[in-house]
Amino acid sequence: MGFVFEDITLRNSNDVTNAATGIIEESKIRQKTVKVLVDTGCYSIVISEELCRELGLRIKGKRGASLANNERIICEQTDGVEICWKDRYTILPALIIPDRPYVLLGALPLEAMDLIVDPVREKLTGAHGDEWINAI
């Protein structure tokens, strides 16, 4: 299987809440559609410092991470980012790793959105077809 890339939209979840309550207009939600590398070996979602600034995400702390080359680093973690793919979404903190050439979409958001990698077509697909089923 080769690399799997998908377009997803990332939205500042605080902005989404503020728009829903009328504090800001929906057009003011900071969001960006990006091409991600789907990485089932990755835990969550990894973004660059630049994307964090564009989305206006707040830094909530730091946590350790192990990279694919087994290097251990300490990276910053953001508050919630809404991750949207077609009609599915989830909200998770993002890890910031400097100088990332692309966003990594890992196992937690895939599970939360009931998605799997189709190895034949090399793309994301619903684990239960078009029906979005969450495990409880």
For this session: For the chain, with a Gaussian network of springs between Cα atoms less than 10 Å apart, report the residue from Ser44, Ser27, Ser13 with the top mean-square fluctuation.
Result: Ser27
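In nm, what is the difference between 0.36 nm times the number of residues separating Leu108 and Cys75 and their Cα-Cα distance?
Between Leu108 and Cys75, full extension yields an extra 10.1 nm.
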Exercise. When only Cα pairs under 8 Å and 6 or more residues apart are kept, what is the percent relative contact order across the chain?
Worked result: 28
Exercise. Using a simple charge model, +1 on the beta-carbon of Lys and Arg, -1 on the beta-carbon of Asp and Glu, nothing else, what dipole does the stretch 1-72 show about its Cα centre, in debye to the nearest 20?
Worked result: 340
Exercise. Net charge near Ser66, counting Lys/Arg +1 and Asp/Glu -1 over other residues with Cβ under 15 Å of its Cβ?
Worked result: +1
Problem set entry | Qualifying GluC sites (Glu not before Pro) for the stretch 41-120 [loop in DSSP, other Cβ within 10 Å: at most 13] | Glu71
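Does the chain classify as rounded, prolate or oblate by the C-alpha gyration tensor (a ≥ b ≥ c root eigenvalues; a/c under 1.5 gives rounded; else a/b over b/c gives prolate, otherwise oblate)?
oblate
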For this session: Using a Förster distance of 41 angstrom, determine the FRET efficiency expected from the C-beta separation of Glu122 and Thr21, and round it to 0.05.
Result: 0.50
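Read the figures in this text as sums done on the coordinates, not as results from a lab. Source: prediction; values computed, not measured. Heads up, the Cβs are rebuilt from the backbone with ideal geometry, glycines too, and the neighbour counts pull from every protein chain shown.
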